[in-house]
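> Quick one: structure below, then a few questions.
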Amino acid sequence: MHCHRYDRPTSRRDFLQTAGGGFGGVALAALMGDKAQAAPLPHRAAKAKNVIFLFMEGGPSHLDTFDYKPLLNKLAGQSLPASFKTPLTAAGEARSPLLECRRTWKQHGQGGLWISDWFPRVAEHADDLAVIRSCASSGINHAGGVCSMNTGSIFGGRPSLGAWASYGLGTENQNLPAFVVIKDSEASVVNGVRNWGNGFMPAVYQGVEFNSDGTPIKYLENPKDVDRQRQRDKLDVFTALNREFNASRASNTELDARIQGFELAYQMQAEAPGAVDLKKETAATKKLYGMDQKETAVFGRNCLLARRLVENGVRFVQLYSGAGSKWDSHAGIEAKHSSLCHSVDQPIAGLLADLKARGMLDETLVIWGGEFGRTPMSEKGDGRDHNPTGFTMWMAGGGVKGGQPYGATDDLGLYAVEDRLHVHDIHSTILYLLGIDHTQLIYEHKRRPERIDQNEGHPYKKLLGS
């Protein structure tokens, strides 16, 4: 197998021969039929049916967006007070002066949520936002942080959150992948495909990466001289040969995923073009997502595509903003974050408004966040370092009670001090909202019962108002 040729086939024949899942790489992640499902029914009444995870890669600053800390500006320029220091505080960080927040803050919605002027459009949906200000992670660098937020471990090799959701619930549409990933550029996300991988699960559960260049799925149409029946006959021959080869190789999940993937690719030729065709959307809808402006067009397109995908039965969609750790702001945070926040603010607001208008927000869980936050101490004079000990994420729709904050960091935003939610708790909560009891969603690997939270997480039921 020439794995290095999967991403860039040089011809249609090369693509069909080497792309294990067919058509834009979708094959390795589709869930086809009963054999791909572990628990086809939820363990409890689900609040959410689908998830859209808006991942800001690189670590957005909670201190400049959703976690207002007036004391930070009062002490700006001074060293971190001794009362905030712990054995975990690096000596260099402790000596670095505190960096002021230059944002203008206002309270929004009936609950009076504090949101900075970097997210003016999202702020209009404050009553839908459940802002979790007490998140924590074990990952202190980007590789460990992104891996942890996606898989629950700082080390690669475990299944991703989307894979667990697909494993537990299956797919609502046999003609589309259950788990789709879309980046905002061709830049590589740290850890690459491991972030949406299947880990020790069968390869059929890994995420499907759609293209970011305006054509989400390539090779959907047959050549002019190949009709659908001829394609069906060819696929049947491939399937028979592959199954014969795989009969004595039950542990070869990659080949099993290839077999199912070719079948999915065939089915997608009929349904996927309509699902990803944004030409069917009105000019007003495209403007709602910011597709009429250069700065917001890319993420706006991806948000609109995410809505169409969940509308067509895709279970889990993950959108990456700042692919290549662009949210990382060790220096020049004002310029970097200003640009990035502007690029996602209108698209995210448009997504929330559109889902709500279509009656989809109640059953679609929208999640915003990165792998960690930023420190109150300065770095390089005008930047902030990584902060996994206390940061912010928010959720909307999917049964969560919006319009209020949950948990808290200390007065400088360094440590989570109230209702601390580790990544394991966040994952458990997401599955809980999907109707899954994470303690019962088990995959046996090497005779060990494995769970998404590695036996450490608890669902945060306060988000449901209980």
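The values are calculated or read from the model by the stated rules, or taken from the named source; none is laboratory data. As the structure is a computational prediction, the values presented were derived from the model and not from experiment. No Cβ is skipped: glycine too gets one built from the backbone with ideal geometry, and neighbour counts run over all protein chains shown.
Here is a yes/no grid of residues against (1) of a type in the set (A, V, I, L, M, F, W, C); (2) in contact (Cβ under 8 Å) with a residue 40 or more places away in the chain:
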position: 406; (1), (2): no, yes
position: 410; (1), (2): no, yes
position: 413; (1), (2): no, yes
position: 418; (1), (2): no, yes
position: 423; (1), (2): yes, yes
position: 428; (1), (2): no, no
position: 433; (1), (2): yes, yes
position: 437; (1), (2): no, yes
position: 443; (1), (2): no, yes
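> Please note which strands (runs of 3 or more DSSP E) are completely contained in the stretch 51-136 and include at least 1 residues that are within 30 Å of residue 457 (Cα to Cα) and basic (Lys, Arg).
In the stretch 51-136, 129-136 are the strands (runs of 3 or more DSSP E) which contain 1 or more residues that are within 30 Å of residue 457 (Cα to Cα) and basic (Lys, Arg).
> Let me ask something additional. Among what's in the stretch 156-175 and is part of a loop (DSSP other than H, G, I, E, B) and at pLDDT 95 or above, pick the residue that is nearest to the chain's Cα centre (by Cα).
Out of the qualifying residues, it is 160.
> Do you know which of the residues in the stretch 425-466 that are more than 19 Å from residue 368 (Cβ to Cβ) and not in a loop (DSSP other than H, G, I, E, B) is farthest from the chain's Cα centre (by Cα)?
448
> Among the residues of the stretch 355-388, write down those that are in contact with a Leu (Cβ under 6 Å, 6 or more places away or on another chain) and not in a strand (DSSP E or B).
Within the stretch 355-388, 355, 361 meet the criteria.
> Return the residues of the stretch 172-193 that are crowded, with 21+ Cβ neighbours inside 10 Å and within 27 Å of residue 448 (Cβ to Cβ); say none if nothing qualifies.
Residues satisfying the conditions are 178, 179.
> For the stretch 213-232, give me each residue that is hydroxyl-bearing (Ser, Thr, Tyr) and modelled with pLDDT of 70 or more.
If the condition is that a residue be hydroxyl-bearing (Ser, Thr, Tyr) and modelled with pLDDT of 70 or more, then 215 is the only one that fits.
> Would you mind stating whether residue 181 is under 27 Å from residue 447 (Cα atoms), outside any loop (DSSP other than H, G, I, E, B) and in the same structural domain as residue 160 (by TED's automatic domain parsing)? Walk me through how you get there before you give the answer.
Numbers: under 27 Å from residue 447 (Cα atoms): no; outside any loop (DSSP other than H, G, I, E, B): yes; in the same structural domain as residue 160 (by TED's automatic domain parsing): yes.
Judged against the criteria, residue 181 is not a match.
> Same structure again: Do the conditions hold for residue 72, that is, is it modelled with pLDDT of 50 or more, surrounded by 15 or more Cβ atoms within 10 Å (Cβ to Cβ) and out of contact with any Pro (no Cβ under 6 Å at 6 or more places or on another chain)?
No.
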